[in-house]
Amino acid sequence: QLLASQSIPTPQTPYVIYTQRLSEVYRKKILVTGGAGFVGSHLVDRLMSEGHEVVVLDNFFTGRKANVEHWLHHPNFSLVRHDVIQPILLEVDQIYHLACPASPPHYQYNPVKTIKTSTMGTINMLGLAKRVKARILLASTSEIYGDPTVHPQPESYWGNVNTIGPRACYDEGKRVAETMMYAYKMQNDVEIRVARIFNTFGPRMHPNDGRVVSNFIIQSLQNKDITIYGDGSQTRSFQYVDDLVSGLIKLMNGNYDQPVNIGNPDEYSIKEFATKIRGMCESQSEIKFLPKVADDPTQRKADIRTAKREIDWEPMVTVDEGLKKTIEYFQREVEAAGGEIVP
Ligand code: NAD
Ligand code: UDP
């Protein structure tokens, strides 16, 4: 049965989302850390529309209240300004632990804080999961493979990470977060799930996010130079955020507790990707090559055989369909900002 939600259309969510009426037996109380961020807010939309009770913890470092504004008055929803490096007492059935800046400029802005978020934050959420016997899912990352020497990357690959480079605060933070997940499973029987997320894009990416998809779209929409770091031969595979959300929910509710890659294997060189976005935006932008950034992985592509086999998941949205929706979103953001955004 569908109930009209109390959501109010906002620039971030210019449509009404309906919530399902779930019986007590199926309704779960679900914590989403980092739920006001890009991925977290889409996950919140899906969980709310399924009729669950959702609590969001966020310190708003990179997240925005506007991303969850449409749920603020819904009885099933709570938003708590809280930093996960501090412990918290809550009663929940499941925890999606996403809190952590994800874009290189954001996580490198305060590397010590990024390390604290991944280490102390994950310990606190694991402690909570242990106390209330909740199942916990960690949003890990393809960055744990570092600059991979195996391509595409299966979960069995141990990675190639520089422990003291500029990306280490994020990569090593997530690596030790994974280690903590398995230590709590072995020692305390905590039910864990680990998603290794590959590059994801979609509406609600922060305009100043600094990642490649938002930068290239914003630059193209404003006919400004498209900035490629290095010669653009490095590759990434890109997934649309709705596919990621489906994967996270399937992983959480399935039986498989080893790490699972969640990504779209559709791989592009960054140069190809710049040309593609410029074409889709019908832009006059020039492509500008800037110096290569330190420790930038040269190749990355998701091997998703485990996800297909263990949780029956694979991406459904093509990169082109996803980009179309994301370009429309950034067009609205540029208009709302009075016609100019510096990415
Ligand atoms: P994001 O920066 O949009 O969201 C992160 C959220 O966490 C923000 O709302 C931020 O305010 C919050 N946060 C950060 N530090 C916090 C702290 N100490 N306490 C409480 N809240 C805190 O990033 P995203 O793209 O939505 O990524 C979400 C998660 O997914 C991250 O854990 C990230 O590592 C992981 N991930 C994302 C991608 C991707 O391509 N988007 C790829 C791999 C992994
Ligand atoms: N990149 C680029 N120009 C930009 C932003 C990023 O050439 O304006 C490159 C970056 O150097 C990397 C790739 O695009 O090789 C993906 O970068 P992003 O920050 O999106 O994610 P990463 O996979 O590196 O974490």
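Nothing in this text is a laboratory measurement; each read-out follows from the coordinates by a stated rule. Treat the numbers as computed from the prediction; the structure is a model and nothing was measured. Cβ: placed from backbone, ideal geometry, glycine included. Neighbour counts: every protein chain shown.
Place +1 on the Cβ of every Lys and Arg and -1 on the Cβ of every Asp and Glu in the chain, take the dipole about the Cα centre, and give the residue among 265, 251, 237 whose Cα lies farthest towards its positive end.
251
Counting Lys and Arg as +1 and Asp and Glu as -1, each charge on the Cβ, what is the dipole of the stretch 89-140 about the Cα centre in debye, to the nearest 20?
Here the size comes out at about 140 debye.
Using the C-alpha atoms of the chain, what convex hull volume per residue, in cubic angstrom, is computed?
That works out to 128 Å³ per residue.
Can you tell me how the stretch 269-343 classifies by the Cα gyration tensor, rounded, prolate or oblate, using a/c under 1.5 as the rounded cut?
oblate
Enumerate the aspartates and glutamates that residue 113 could reach by cross-link, defined here as Cα to Cα under 15 Å, with residues fewer than 8 away along the same chain left out.
Cross-link targets: 58, 83, 171, 172.
Nearest 5 is fine: what % of DSSP beta bridges in the chain come out antiparallel, could you say?
For the chain, the DSSP antiparallel bridge percentage is about 15.
Compute, for the stretch 196-331, the length of the dipole vector about the Cα centre, with Cβ point charges of +1 (Lys, Arg) and -1 (Asp, Glu) only. Units Debye, rounded to 20.
It works out to roughly 140 debye.
Calculate the tail of P(r) for the stretch 232-304: the fraction of all Cα-Cα distances greater than 21 Å, expressed in %.
Value for the stretch 232-304: 45 percent of Cα pairs lie more than 21 Å apart.
Report the one residue of 127, 106, 173 whose Cα lies farthest in the direction of the positive end of the charge dipole of the stretch 95-179 (charges on C-beta: Lys and Arg +1, Asp and Glu -1; origin at the Cα centre).
127
Which pairs break 21 Å Cα to Cα here: 276/301; 174/288; 133/308; 271/324; 29/250?
Cα-Cα > 21 Å for 174/288; 133/308; rest within.
With +1 assigned to the C-beta of every Lys and Arg and -1 to the C-beta of every Asp and Glu, and no other charges, what is the dipole magnitude of the chain about the Cα centre in debye, to the nearest 20?
Charge dipole of the chain: 580 debye, to the nearest 20.
Which residue, 233, 220, 140, tops the fluctuation ranking in a GNM of the chain built on C-alpha contacts under 10 Å?
Most flexible of the set in this elastic network: 233.
Taking the Cα atoms of the stretch 12-89, what is the range of coordinates along each of the three principal axes, in descending order and whole Å?
Cα extents, longest axis first: 34, 32, 20 Å.
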